[in-house]
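Single-structure report; data block below.
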Amino acid sequence: MEMICKTEQVDERDARSFDTPKGEVIVTQRDGMFYAYLNHCPHLGVSLEFQENQFMDMDREFLICANHGALFQVEDGLCVFGPCKGQALTKIDIEVHSDGGVFFRA
Ligand code: FES
């Protein structure tokens, strides 16, 4: 099973990206739960960030695409504001192991 990162690398209400064999994956944490998405905006199919690991809006409520300001819910990747409203980030199924590893679900 392929590990993406360790839980300690992603703070609560923050997000970071990691290069994986399946592409660049954003991992984010909310209320102790971890969620992962491909770093691929459904609007134009480009990476979300302009600056490294800047994936959260100012309130750290939503994932944000820096290109045109689309906002995505952390829990399901649904776009709730912006040019791709109603579309969603591509969710990656993950599982968190007791040793703190975040893995692709097989
Ligand atoms: S490319 Fe993401 S909102 Fe336009």
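The values are calculated or read from the model by the stated rules, or taken from the named source; none is laboratory data. The structure presented is a predicted model; accordingly, all values stated were derived computationally and were not measured. FYI the Cβ positions are ideal-geometry reconstructions off the backbone, even for glycines, and counts take in every protein chain you see. To get the accessible areas, we keep the full protein, side chains included, count just its heavy atoms, and leave off ligands, DNA and RNA. Shrake-Rupley method; radii C 1.70, N 1.55, O 1.52, S 1.80 Å.
Starting from the amide H of A15, placed 1.01 Å from N in the peptide plane, find each other amide H under 5 Å away whose residue is 5 or more places distant or on another chain.
F55
Which of C65, V80, H43 sits farthest toward the positive end of the charge dipole of the chain, with +1 on the Cβ of Lys and Arg and -1 on the Cβ of Asp and Glu?
After comparing all options, I get H43.
Please report the relative contact order for the chain, taking Cα pairs under 8 Å with a sequence separation of at least 6, and give it as a percent rounded to a whole number. Mind dumping the intermediate values first?
Details: 230 pairs, mean separation 27.8, N = 106.
So the answer I get is 26 percent.
Starting with the highest mean, order 11-24, 77-90 by the number of other Cβ atoms within 10 Å, averaged over the residues of each peptide.
Highest-to-lowest ranking by the protection proxy: 77-90, 11-24.
For a label point 7 Å from the Cα of V46 along Cα→C-beta, name the residues of the range 62-93 whose backbone N is under 15 Å from it.
Answer for the range 62-93: 65-70, 83-84.
Find out how many positive minus negative residues lie around D31, taking Lys and Arg as positive, Asp and Glu as negative, among other residues whose Cβ is under 11 Å from that of D31.
On the way: positive: R13, R30; negative: E12, E75.
In short, 0.
How much accessible area per residue does the chain have, in Å², with a 1.4 Å probe?
Numbers: 5850 Å² over 106 residues.
About 55 Å² of surface per residue is accessible.
Pull up all non-local amide H partners of G23: gap of 5 or more, or a different chain, and H-to-H distance under 5 Å with H placed in the peptide plane.
none
Where nothing but the Cβ of Lys and Arg (+1) and of Asp and Glu (-1) is charged, how large is the charge dipole of the chain around its Cα centre, in debye to the nearest 20?
Values: 9 positive and 18 negative charges, 67 e Å.
Dipole magnitude for the chain comes out near 320 debye.
Ignoring ligands, DNA and RNA, what percent of the accessible area of the chain is carbon or sulfur (1.4 Å)?
Details: 2770 of 5850 Å².
Reported share for carbon and sulfur atoms: 47 percent.
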